[in-house]
1. Using label points projected 7 Å from each Cα along Cα→Cβ, tell me how many nm separate residue 253 and residue 283, to one decimal.
2. Roughly to the nearest percent, how much of the accessible area of segment 258-298 is carbon and sulfur, given a 1.4 Å probe?
3. What list of ³J(HN,Hα) couplings, whole Hz, do you get for segment 188-197 from phi and the Karplus terms 6.51, -1.76, 1.60, once you set θ to phi - 60° and write x for glycine and proline?
4. Please calculate how many Å² of accessible area segment 153-222 carries per residue, with a 1.4 Å probe and no DNA, RNA or ligand atoms counted.
5. At a 1.4 Å probe radius, carbon and sulfur cover how many percent of the accessible area of segment 1-135?
6. Given the options 162, 31, 74, state which has the largest fluctuation in a GNM of the chain using a 10 Å cut-off (strictly under) for Cα springs.
7. Please report the net charge: other residues with Cβ closer than 15 Å to the Cβ of residue 98, K and R +1, D and E -1.
8. Excluding same-chain residues fewer than 8 positions from residue 28, which lysines have a Cα within less than 20 Å of its Cα?
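The values are calculated or read from the model by the stated rules, or taken from the named source; none is laboratory data. Keep in mind that this is a model prediction, so the values were computed, not measured. Positions of Cβ are backbone-derived with ideal geometry, glycine not excepted, and every protein chain shown enters the neighbour counts. Accessible surface is based on the protein model in full, side chains and every heavy atom, while ligands, DNA and RNA are left aside. Shrake-Rupley method; radii C 1.70, N 1.55, O 1.52, S 1.80 Å.
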Amino acid sequence: MTWSLPEPILAAGVEDPALPAGWAAEPKWDGFRAQLAVHEGGRVLLRSKQGTDMTASFPDIRAAALAQLPAETGLDGELVVWEGGRLAFDRLQQRLASRREPAASQAARRWPAHFVAFDLLHQNADLTGWPYVRRRATLEALFHDHGLQAPFTLCPSTTDPGLAQQWLGWTAAGVEGLCFKRLDEPYRPTRSWRKYKVRATTEALIGAVTGTLTEPRTVLLGRYDTAGRLQYTGRSTPLSQTIGHQLARRLTAPSGAHPWNGWTFSAGWGTKRTLDVHLVRPDVVMEVAVDIARDAAGRWRHPVRPHRIRTDVDVAQVPLLGHDA
């Protein structure tokens, strides 16, 4: 019987890291969400959350799926690459860009990927109507019965709040936070899982704004690199009315050349749309909340949350690019 992977279930962000009763917690990995299907006749599909076919970019995962997984199996999980003692998201991007041979195989040898499985969607039949707790038990049995090995990894899962809290200490290795899943919930294309992201408070300089200098909407933040050059490090979420009014009284246009003259800024990670920005003199320090997702240059991949203007912090006290506060 012909079957296909379902639309992925998504997660809504929450501010509380406590594990609710009746839910399970899993680590949230800094990788690519991916669904994997092994069909009869040796056909394998590895696709992204958005539905992009990534199979050609990950020949190592395809080969392992054919070698280890029984036909008619569908998994949900996370693609990750481990490098230098932590997860390396940039290597995943490089892997995805290598779609043709021999580049794909060369990239696989250089940066081997792992598939961290956290849900079982199909096993000779559609399992999406089963509650999470039953799907989880069947996923664990799949790993045990077939002796699945690297690049397949079983994602940890717990109903113990204390253990879930311990996982929040794994951020140095690339764990972004926690994902919460209700034990009795079937797998449906809704945003019913929950995700908590670990955030740290730090400082950066405002180098540009969207909107206008008198009515800024978001800020583009920068930090100096070790050579003394101001580098773009990320964009904020929309400013509150209070912070916007405070900034409007402090922002000034550049009096001379600006380090970002001629630069363009993406509207978001993975998009080609550019922002209409106004450069400002980079002498205002802002305190922001950031998560652990960074690119190889140390820039924040996700919008940061502005907390307040730091009039008590000198420009020289702002951490360098790629350094924690």
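1. So the two model labels end up 1.7 nm from each other.
2. Values: 1020 of 2080 Å².
About 49 percent, which is the carbon plus sulfur part of the accessible surface.
3. Calculated HN-Hα couplings, in order: 10, x, 10, 9, 10, 6, 10, 9, 10, 10 Hz.
4. 42 Å²
5. Exposed carbon and sulfur together represent 52 percent of the surface.
6. Highest fluctuation of the listed residues: 162.
7. Its environment carries a net charge of +3.
8. Filter leaves 49, 181, 195, 197.
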